[in-house]
1. Under a point-charge model restricted to the Cβ atoms of Lys and Arg (+1) and Asp and Glu (-1), what is the dipole moment magnitude of the chain relative to its Cα centre, in debye to the nearest 20?
2. Just to check I understand the Karplus step: with θ = phi - 60° and J = 6.51 cos²θ - 1.76 cosθ + 1.60, what whole-Hz values come out for the stretch 443-453, glycine and proline as x?
3. Over 22 Å apart: what share of the alpha carbon pairs of the stretch 267-415 falls there, rounded to a whole percent?
4. Based on the Kirkwood radius over alpha-carbon pairs, what is the Stokes-Einstein translational diffusion coefficient of the stretch 52-193 at 25 °C with 0.890 mPa s viscosity, in µm²/s?
5. List E387, E326, E409 from most exposed to least, where exposure is judged by having the fewest other Cβ atoms within 10 Å.
6. Listing T361, T191 from the residue with the fewest other Cβ atoms within 10 Å to the one with the most, what is the order?
7. Between helix 54-72 and the chain, what is the angle of the helix's C-alpha long axis to the longest principal axis, kept within 0 to 90° and rounded to the nearest 10?
8. Please report, largest first and rounded to whole Å, the three semi-axes of the ellipsoid equivalent to the stretch 335-384, where each semi-axis is the square root of five times an eigenvalue of the C-alpha gyration tensor.
Amino acid sequence: MILVSTPSVPAADPHGPPPGRESVFQVAPESELLYSLGADGRRRHIHPRVVKGRFWHARRNLGYALIALFVALPLVPIGGAPAVFLDVAQRQFHVLGSIFHPTDNLLLLAFGAGTIITVFFVGSIFGRLWCGFACPQNVYLEFIFRPIEIWLEGQRVAQRRLNEASWTWAKFGRKAAKWSLWALIALAMATNFFAYFVSWSGIAAAWGDLASHQALLGAIVAMAALIVFDLGWFRDQMCAIACPYGRLQNVLTDRDTVIPAYDARRGDPKGRPRKGEDRAAFGDCVNCTSCVQACPTGVDIRRGLQLECVASGQCMDACNAVMAREGLPPGLIRYTSERELETGERRFWRPRLFVYLALMTLAWGSLIVMLAGRGQALVEIVRSGHEPFHVNASGQVVNQQRLRLTNQENEPQSFHIELVSPPGAKLVVSSSSSLTVEPAEVRTVNIATEVPPQAFTNGQVTGVYKVSSNHGFSRSYQFPLLGPNR
Ligand code: SF4
Ligand code: SF4
C-alpha cells in the first residue's frame, strides 16, 4: 500500500503567495506537498472542527483512562514501592511489585523484542489506530490542550479570526491565558513523567529544597517547554513529518490493513443536485467538506489514504452527521481495508501475521519463562584475586572468589552458603561481610575455597556450592576450581 501526501487547498489558498512571488505548487507537484504547507511555502496551521460523534467519544474515554493510568502508575504503591519506579540512581527497577536490576538484561532484551514485534503485528492489522486512539501526542492534544483552546478562543472559525485580527488587550489576554494554562499542564505532565524515575517523594524533596535539586528541576522545566512547543505549536507536524511510527506505515500496512477510507463507489460523483437536477446522477457525497474541516491533520480522505492520516475517525464522525441530516446511511467514510473496499472480501490472516505471531510467541514466551524461573534471589560466583590460585602454608590449594547475592524479595533475606564438593575441601567466608541482604540490595562477599592438591585432575576440579536462605531459597551452583596440573 502506498500512502500519498496531497494538499487539500491548492490554488485558492488564503495563504497563497504574495503578488510577484512564486507558488510552491509551481516548484513541486501538489502530490508531493504536505497539507500543512501553504502555497507561499509557509505553514498552514490546522484548526479542526471538533465533531463529537461515536469515534470521538470512544477516543475521549480511552484517552482519559490512559491519562489516569499514566498518573496512577508512579503514585499507587505495590509491594512497598510505586507500581512503576525506574530508580536509575539505585539501579533498581520496580514494576508491579517485582524488582529488576541491570543484571536482568536478558529480561529487558525479551521485553524490548516482544514490544517491537507486537508493534509490527498490531500496525499490520490496525494501521495507525494506535496514533488516533492511544498515542500520548494525540490523547493530550485532543482532550486536554485542544479543549482549552476552544474554551478560550472558540471553534475553528473563531480561532482563525482571532489569529488574523490585530493585537488588542483582549486578544493578548486570551492568548496569555491559553499559553499559561498549557504551561501549567505541561509542568504537571513533565513532573509526572519524572516521578517514574525519582518517585513522587523524590519530587517532593526536590520542591522542598530547590537549591540542591537544580538538575532535576531544570530537566522538568525543559521537558515542560518541549511539551508546550509540541502540543501548542508543532502539533500535526509531529505525526506528519517527525514520528518514526508514522514513517513505518508504508512497510507495515498492506491491502488488508484496517484504514480510514472513503467509499468512492458510493460517494462519487460528488455534489448536491441543483434545482431540477436528478439526485440519482450524484453519489452520496454532497461535497460539504465537513470531513476535511474535522481532520486534525488537514487530510482530505476522499483522495485516498495519506501519510498524514492518524486514523482518528474524526472525518467519519463528521460525515456520519452529514449522512444523518441527508437521510442517508452512515459509513461513507469508514474503517475498512483496501481489499474490502474494492472486492467486498475481508481477509484477516496473511503470511506476515503468522511470522510476527511466531516471533511474538518466542519473545513473550522467553520473557515469561525467565520471569517464572527468576526466583527469590540472584546468585553469582566469580573469580577474584591476582592469580588463578595459590598454595597456602598448610599445602592446600586456594581459589579466591566473590559471591554476589541479589535479594529479589521485598523483605530482608539471610543467606547461607556451604561447599558440597569436592570432598575434603573447605570454604572460608570473609568474616567482615554479613550475609543478610536487604530487599533489592546487591551484596558482594569475598570467599575462598581451600582444596587438597590431590583433588585436581589436569589442574581442574568442579566445586559445588549450595546457597540457601531463611525464606526457603535453595539452589546449587558449580564453579571450576583451578590448581596444580598433576
Ligand atoms: S463529510 Fe461526507 S458528504 Fe461531506 S464532503 Fe466529506 S465525504 Fe462528502
Ligand atoms: S483523514 Fe480522517 S481518520 Fe485520518 S486523520 Fe483525518 S480525520 Fe482522522
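1. Numbers: 47 positive and 37 negative charges, 227 e Å.
It works out to roughly 1080 debye.
2. With the stated coefficients, the stretch 443-453 comes to 10, 10, 10, 7, 10, 9, 10, 9, 10, x, x Hz.
3. Working: 7638 of 11026 pairs.
Across the stretch 267-415, Cα pairs with separations above 22 Å total 69 percent.
4. Approximately 132 µm²/s, per Stokes-Einstein.
5. Working: E387 9, E326 14, E409 19.
The fewest-first ordering by Cβ neighbours comes to E387, E326, E409.
6. Values: T361 12, T191 20.
So the ranking, lowest neighbour count to highest, is T361, T191.
7. Tilt relative to the chain: about 30 degrees.
8. Values: eigenvalues 428, 22, 12 Å².
Sorted largest first and rounded, they come to 46, 10, 8 Å.
No lab work stands behind these numbers, since they all come straight from the coordinates. Just so we're clear, the structure is a prediction, and the values are computed from it rather than from any experiment. Glycine also receives a Cβ, built like all others from the backbone with ideal geometry; neighbour counts cover every protein chain displayed.
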